[in-house]
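**Student:** Take a look at this one; I'll ask things after.
The values are calculated or read from the model by the stated rules, or taken from the named source; none is laboratory data. Quantities reported herein were computed from a predicted structural model and do not represent experimental measurements. Neighbour counts run over all protein chains shown; Cβ positions are idealised from the backbone, glycine included.
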Amino acid sequence: MTKPERPNPDTLLAALQKEEAGKKRGQLKVFVGMCPGVGKTYAMLEAAQRELKAGRDVVIGYVETHGRKETDALATNFSTIPRLSIEYRGVTLTEMNLDAVLARRPQLALVDELAHTNVPGSRHPKRWQDIQELRDAGIDVFTTLNVQHVESRADTVKQITGAEIRETVPDSVLDDAVLELVDLPPRELVQRLHEGKVYMADRAAAAIQNFFRESNLNALRELALRLVADHVGEDTILFRRTESAAGAWKTGNRLLVAVGPSPLSEPLIRWTRRMADELRCPWLAVHVEGPQSLSEAAQARLSKNLDTARELGAEVLTTTDEDLARGLLRIARERNVTLIVLGKPSGGGWLNRIRSGQFLRRLMQESGDIDLHVVKAEKASVASEKTGWQPVLISTARQYALAAGVIFATGLASLPFASVPRVPGLIFLLVVVLLALFVGRGPVLFAGALSALTWNFFFLPPRYTLFIHSLDDAILFGTYFVVALVLGQLVARIRAQSDAERRREERTAALYELTRELAEAGSRDEVVWQLLGQINRVFHARAAVTFPSGDKLVPHPDNTLILTEKELSVSDWAFRQRKAAGRFTDNLPGAGALHLPLGTERKTFGVLAVGLPEQNLPLAQRDLLETFARQAALVLDRVELRAAAEQTRLFAESERLSRALLNSISHELRTPLAAITSAATALAEVEFPGVESCHRSQASGRLVPPHPGPLPRREGESTIEQQPADQRQMLLAEIQEANARLNRIVGNLLDVARLESGKVVPRLDWHDARDVVQTTLRELHQEMSAHPVKLDLPSDPILIRLDFSLAQHALANLLVNAITHTPPGTPVEVQAKSADSSILLTVSDRGPGIAANFMPRIFDKFSRAPNAPAGGSGLGLTIAKGFVEAQGGSITVENRPGGGATFTIRLPQSERPPIVEAAI
Amino acid sequence: MSTETKPRSTALVIDDEPQIRRLLRVTLEANGYRVFDAATGQDGLVEAAQRKPDVILLDLGLPDLDGVQVLKRIREWSCAPVIILSVRDQEEEKVAALDSGADDYVTKPFNSAELLARLRAALRHAQPQGADAIFRAGNLEVDLSKRLVFKNGAEVKLTPIEYSLLRLLVTHAGKVLTHRQLLTEVWGEKSVEQSHYLRVHFAHLREKLESNPSAPELILTEPAVGYRLVCR
């Protein structure tokens, strides 16, 4: 009827539909946890509950609650597909009944434990394959996964925990999935474990204990966090699919270059860059921070090296690990690196050479399928500073002074025991060990040596000489010397380790905080707000974000740092060059703030400028800042893409609406017009005797057809001549019927137009709510004649301030809706009552009820139930809702037990009704 | 049901739509009226002055003058009943017209039987009141001279306010009475805002007089306008 006349929207709509068809594959949402017991299943059920409430058809395919009460309770809300029992080696095991789920065709299926291995004899060996099949059938799936089961992370987890990981899921399964992190602070998890709330299948208690060590959990948590944070969201994937795939990497290669403070690293970095260019693949520059701290000079060189890498386009990562080789391999596996580039050791002392050799050998042994490429670095002109043991001895002078002081004091305090020289020896040993807890390695070694000499000089006979008399004492002294050094060394190392652990935990916590807050950010302003807040909390620094507007950068109003013209120009440079600039960098280092571009591969969104109070910026801090900037950029990207998608959706929606409007209106208007035309022409053709034969109904004067409902049209048939009076009456009734319908449609259209233009201003006045019901029923008397009405009104007036006309229209539309969708003869129940300071008007029918998937759209414009009878524009309920809401009320619908639907209008009784003295 | 057989009443139709004027002319003439019409407010005023019609049908949406203005100017010198022709969503103008002296209203699209009933009621009230002190409608009987009310022959006790309201309705039987008119007549000018008085007392009246109070057939609510007592 309505030929498409404008080609543009049509082609666009077609493209959209095509895209929609392409998207038909079910979506996968994965609830990722760091380990068992964090509450993934619970989180999944909670999310599913929200979907259920939104009217989606959700079923449980397979959920393992392990008998936890809260989880069990939550699971009972869903209908469950019975599991399949499979006999295997005399044991009956249960699996998800894949065929039953497919046959049931829910909109969303819940399938726990993505990594699960099916019992032999099942269709697929792995559950993730079952899930793929569900998705192929267009069913959305929620599932759960521990980070240890992700193939690329399994090795890392094994290294962290020592536990063998057998069940893994290929990373590709997660590619187009949405990941949601289920997080629990490690301490709480350990507590849950002790309370027996964590279920782990057939594992030895010792293994569990080992697995759930807090340090393990911290590492696992970081792993899970990174997995989710780095995961490219669905929006982005969708975008990449629709946009041209420009910039997408051509090969599966990924290079990693190990970067240290050595000046030899720089040529290595450049070499890797050339190789990455040739292979057209991404590359990483990784620095593994050991337990020892670097000298300031080394720190500066390292920063410079990493900056170089960054400028050359590498993704720069820093990690902390006691073991350099292990740290490198961990990152390599996490990032699916195919090739590691290392410098060939040259020069340096013998110790350095041996260490480098060991390091390379270990890398080769443990790298598995990752290739190693060892490049001979040209000797750089920079004089190389000694590395190796050197940094160990560097510590502050104060610590040495402290060590010396303590040893001296101990010597004085031990004087009373001078007669038994072994006692001061043990006291010294104790003090050295204790010192190791407070000072660095150098001072500890110094204290060990000093104490040995002091002991010898002041206590070992002959006293006041360094000479040792007896062999016993010589052995004693020698042993003491070694024990003091080793003990001090060991304690210092443990402390360094725990320091590194603590630093990592802090970083993880900060990163987690930011990721979580950012995940909730729905707009650019929120992203900025969260980012600035986190920087303030973590770095105690003021910061500013600028966004481009026209051809210059404009500071965001929420900024905590005021940018001068000069700083703005640095931001501008960072934005254009997509490089870090300002303080702590090689680009415009004279600036007061550090300027980091907020960018993803797709585009640069703006610049983050941070005014750090410190004199220098430790690498880990810099890394964390960069991660912050990257995370913020990712979210900005997501926000922007989502807005674009929303725009497209809105456009398609308005297109759909105007189409629906045209279709519905042309049909709705033409049908009654056709009826009137044909009935009127038929009347004109025939001569009727007896004007008075037309009989009128008492109540309304309307012509009543001999039987209710529209009549079959028989214009032009010979019966007209046979029973002219009767026929005439029928034709007239037909015209009236069509008229009433036409009047209703026009009324509805005008009402919708009024609502859309926001011109509905309620005129509130005191009314008796019962009167609204009575008047509406009286006016709809004719239409409702085929449906018995059960009226339930209280005997006293229900006084409420409302707009009588609007309320009456809303109620009338609910009644018309009820009689349109229920067969004649079924009752319609109408009730008015007051309940907790509001008035409820309900209309209940015994029709087919409302399909769950239609429920969320039932009040939408032009939306009609899939199997609704002909006639009706899909506007009645929209108007009812609009008119009720205009008076501050609300309207809800639910299916009734025993069939049918109940619509409820709730109007607030905001004012107490005045008291009217009835007796007067 | 009845054709007017007395001396023919004259009706003036003031409406700018030619089709409405034609249809009303046909309908009214078929029912014994002499019909004049006018397409504008100005013409309508002239016609009204010249023809001195027994009843006037006035459209609210005229091209030149506001319908309420026309009504007020007619009311300056004539007390012929005026029936307002309005469309939906003109509640405020409708009420304003009724409060300014219009006798009744019909909403377009209206059905002819209803219009004729309104015309008859309006004409009846325009005639000097006869000695007819007994009013009957359905099961209701009101004896205005003795101030007695009967339902199915049994006397019904009304409070003074209820009786005042009922008396008003009875003397204007078949006509709509606006909230303002009812409130002013019964409680006085000061109480025109106290619409809740009406709700409560009308609820009680229905309780006492209607055979089925939850589906009133005697005392009808005119949405957003007022009340009407059915006369039949």
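**Student:** Exactly one condition in (1) more than 14 Å from A:Leu802 (Cα to Cα); (2) in contact with an Asp or Glu (Cβ under 6 Å, 6 or more places away or on another chain); (3) among the polar types (S, T, N, Q); (4) modelled with pLDDT of 80 or more is false for A:Ser873; which is it?
**Tutor:** (4)
**Student:** How many residues are closer than 21 Å to B:Glu217 by Cα and touching a residue at least 24 places away in the same chain (Cβ under 8 Å) when one looks only at the stretch B:162-196?
**Tutor:** 16
**Student:** Within the group A:Asn813, A:Asn739, which residue is closer than 26 Å to B:Glu217 by Cβ, in a helix (DSSP H, G or I) and within 9 Å of another protein chain (Cβ to nearest Cβ)?
**Tutor:** Going through A:Asn813, A:Asn739 in turn, just one is closer than 26 Å to B:Glu217 by Cβ, in a helix (DSSP H, G or I) and within 9 Å of another protein chain (Cβ to nearest Cβ): A:Asn739.
**Student:** Which of the following residues is in contact with a strand residue (DSSP E or B) (Cβ under 9 Å, 6 or more places away or on another chain), of a type outside the set (Asp, Glu) and without any contact (Cβ under 8 Å) to a residue 60 or more places away in the chain: A:Pro848, A:Pro908?
**Tutor:** One residue alone meets the criteria, A:Pro848.
**Student:** Could you please find all residues in the stretch A:804-831 being within 15 Å of A:Ala880 (Cα to Cα) and over 44 Å from the mean Cα position of the chain (by Cα)?
**Tutor:** Those that are within 15 Å of A:Ala880 (Cα to Cα) and over 44 Å from the mean Cα position of the chain (by Cα): A:Phe804, A:Ser805, A:Gln808.
**Student:** Just to be sure, is A:Arg846 away from every other protein chain (no Cβ under 14 Å), basic (Lys, Arg) and buried (at least 17 other Cβ atoms within 10 Å of the Cβ)?
**Tutor:** Working: away from every other protein chain (no Cβ under 14 Å): yes; basic (Lys, Arg): yes; buried (at least 17 other Cβ atoms within 10 Å of the Cβ): yes.
Against the criterion (away from every other protein chain (no Cβ under 14 Å), basic (Lys, Arg) and buried (at least 17 other Cβ atoms within 10 Å of the Cβ)), A:Arg846 qualifies.
**Student:** Hey, can you tell me all the residues within the stretch B:200-232 that are of a type in the set (Phe, Trp, Tyr) and assigned to a helix (DSSP H, G or I)?
**Tutor:** The answer is B:Phe202, and nothing else.
**Student:** I would also like to ask the following. Return the pairs, sorted by first residue and then second, in which the second residue is of a type in the set (D, E, K, R) and in a loop (DSSP other than H, G, I, E, B), the first residue lies in the stretch B:216-232 and is more than 8 Å from chain A (Cβ to nearest Cβ), the beta carbons are less than 9 Å apart, and the residues are 6+ apart or on different chains.
**Tutor:** From the stretch B:216-232, the pairs are B:Glu217/B:Glu210; B:Leu218/B:Glu210; B:Ile219/B:Glu210; B:Arg228/B:Lys175; B:Leu229/B:Lys175; B:Val230/B:Glu217; B:Cys231/B:Lys175.
**Student:** Taking A:Leu802 as the residue in question, decide whether it is buried (at least 21 other Cβ atoms within 10 Å of the Cβ) and more than 9 Å from chain B (Cβ to nearest Cβ).
**Tutor:** Yes.
**Student:** Residues in the stretch A:559-594 that are surrounded by fewer than 17 Cβ atoms within 10 Å (Cβ to Cβ) and in contact with an Asp or Glu (Cβ under 7 Å, 6 or more places away or on another chain): how many?
**Tutor:** 2
**Student:** Related question: Let me confirm something: among A:Ala474, A:Ala452, A:Ala510, A:Ala492, which residue is in contact (Cβ under 8 Å) with a residue 60 or more places away in the chain and of a type in the set (Gly, Ala, Ser)?
**Tutor:** Within the list A:Ala474, A:Ala452, A:Ala510, A:Ala492, the selection yields A:Ala510.
**Student:** Look at the stretch A:316-347 and say how many of its residues are closer than 17 Å to A:Ser262 by Cβ and either outside the structural domain of A:Ile370 (by TED's automatic domain parsing) or in contact (Cβ under 8 Å) with a residue 24 or more places away in the chain (or both).
**Tutor:** Going through the stretch A:316-347, the residues closer than 17 Å to A:Ser262 by Cβ turn out to be A:316, A:318, A:324-325, A:327-328, A:340-347.
With the extra rule that they be either outside the structural domain of A:Ile370 (by TED's automatic domain parsing) or in contact (Cβ under 8 Å) with a residue 24 or more places away in the chain (or both), the set shrinks to A:316, A:318, A:324-325, A:327-328, A:340-344, A:346-347.
Qualifying residue count for the region: 13.
**Student:** Here's something else I'd like to know. Taking the condition surrounded by 15 or more Cβ atoms within 10 Å (Cβ to Cβ), basic (Lys, Arg) and away from chain A (no Cβ under 12 Å), does B:Arg167 pass? Steps first, answer last, please.
**Tutor:** Details: surrounded by 15 or more Cβ atoms within 10 Å (Cβ to Cβ): yes; basic (Lys, Arg): yes; away from chain A (no Cβ under 12 Å): yes.
For B:Arg167, the condition - surrounded by 15 or more Cβ atoms within 10 Å (Cβ to Cβ), basic (Lys, Arg) and away from chain A (no Cβ under 12 Å) - is met.
**Student:** Find the residue count for the stretch B:140-164, including only residues that are in contact with a helix residue (DSSP H, G or I) (Cβ under 8 Å, 6 or more places away or on another chain) and away from chain A (no Cβ under 14 Å).
**Tutor:** Residues that pass the stated criteria total 7.
**Student:** What tally of residues in the stretch A:418-431 results from selecting those that are among the hydrophobic types (A, V, I, L, M, F, W, C) and in contact (Cβ under 8 Å) with a residue 24 or more places away in the chain?
**Tutor:** Residues that pass the stated criteria total 4.
**Student:** Related question: Any residue in the stretch B:107-118 that is more than 7 Å from chain A (Cβ to nearest Cβ) sitting within a Cβ distance under 7 Å of a residue that is outside any helix (DSSP H, G or I) and surrounded by fewer than 17 Cβ atoms within 10 Å (Cβ to Cβ)? List the pairs, counting only those 6 or more apart or interchain.
**Tutor:** B:Thr107/B:Val87; B:Thr107/B:Arg88; B:Lys108/B:Val87
**Student:** Let me ask something additional. Say whether the condition of being within 13 Å of chain B (Cβ to nearest Cβ), touching a strand residue (DSSP E or B) at 6+ places or on another chain (Cβ under 7 Å) and at pLDDT 85 or above is met by at least one residue in the stretch A:719-729.
**Tutor:** no
**Student:** Being of a type in the set (A, V, I, L, M, F, W, C), crowded, with 18+ Cβ neighbours inside 10 Å and assigned to a strand (DSSP E or B) is true for just one of A:Val554, A:Val527, A:Val545. Which residue is that?
**Tutor:** A:Val545
**Student:** How many residues, within the stretch A:582-608, are over 15 Å from A:Thr564 (Cα atoms) and either of a type outside the set (Val, Ile, Thr) or in a strand (DSSP E or B) (or both)? Don't jump to the end; show me each part of the working.
**Tutor:** So in the stretch A:582-608, the residues over 15 Å from A:Thr564 (Cα atoms) come out as A:584-587, A:589, A:596-606.
Those left that are additionally either of a type outside the set (Val, Ile, Thr) or in a strand (DSSP E or B) (or both): A:584, A:586-587, A:589, A:596-599, A:601-606.
Count: 14.
**Student:** Quick check on my filter: what residues within the stretch A:891-904 are farther than 16 Å from A:Ala812 by Cα and polar (S, T, N, Q)?
**Tutor:** Correct list: A:Asn895 only.
**Student:** If you go through the stretch A:248-269 one residue at a time, do you hit one that is under 22 Å from A:Ser152 (Cα atoms), among the basic types (Lys, Arg), under 36 Å from the mean Cα position of the chain (by Cα) and modelled with pLDDT of 80 or more?
**Tutor:** Among the residues of the stretch A:248-269, at least one is under 22 Å from A:Ser152 (Cα atoms), among the basic types (Lys, Arg), under 36 Å from the mean Cα position of the chain (by Cα) and modelled with pLDDT of 80 or more, which makes the answer yes.
**Student:** Further, regarding this structure: Using the structure shown, decide if A:Thr94 is assigned to a strand (DSSP E or B), over 27 Å from the mean Cα position of the chain (by Cα) and at pLDDT 85 or above.
**Tutor:** yes
Residue-wise test of (1) surrounded by fewer than 19 Cβ atoms within 10 Å (Cβ to Cβ); (2) touching a Leu at 6+ places or on another chain (Cβ under 6 Å); (3) in a strand (DSSP E or B).
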{"position": "A:Ile839", "(1), (2), (3)": "no, yes, yes"}
{"position": "A:Pro856", "(1), (2), (3)": "yes, no, no"}
{"position": "A:Asp860", "(1), (2), (3)": "yes, no, no"}
{"position": "A:Gly882", "(1), (2), (3)": "no, yes, no"}
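**Student:** Hey, A:Asn748 hits all of (1) facing chain B (nearest Cβ under 8 Å); (2) more than 14 Å from B:Thr221 (Cβ to Cβ) but one; which does it fall short on?
**Tutor:** It fails just one condition, (1).
**Student:** If B:Arg75 satisfies every condition in (1) more than 14 Å from every other protein chain (Cβ to nearest Cβ); (2) closer than 16 Å to B:Leu12 by Cβ; (3) crowded, with 18+ Cβ neighbours inside 10 Å; (4) under 17 Å from the mean Cα position of the chain (by Cα) but one, which is the exception?
**Tutor:** (3)
**Student:** Any residue at all in the stretch A:72-85 that is in contact with a strand residue (DSSP E or B) (Cβ under 6 Å, 6 or more places away or on another chain) and either surrounded by 22 or more Cβ atoms within 10 Å (Cβ to Cβ) or of a type in the set (A, V, I, L, M) (or both)?
**Tutor:** yes
**Student:** Condition test on B:Gln90, is it away from every other protein chain (no Cβ under 14 Å) and modelled with pLDDT under 90?
**Tutor:** No: the conditions fail for B:Gln90.
**Student:** Inspect all residues belonging to the stretch B:23-42 and state whether any of them is part of a helix (DSSP H, G or I), in contact (Cβ under 8 Å) with a residue 24 or more places away in the chain and more than 24 Å from B:Asn111 (Cβ to Cβ).
**Tutor:** The answer is yes; a qualifying residue exists.
**Student:** Checking A:Thr627 against (1) part of a loop (DSSP other than H, G, I, E, B); (2) closer than 23 Å to A:Arg537 by Cα: exactly one of these is not met. Which one?
**Tutor:** Exception for A:Thr627: condition (1).
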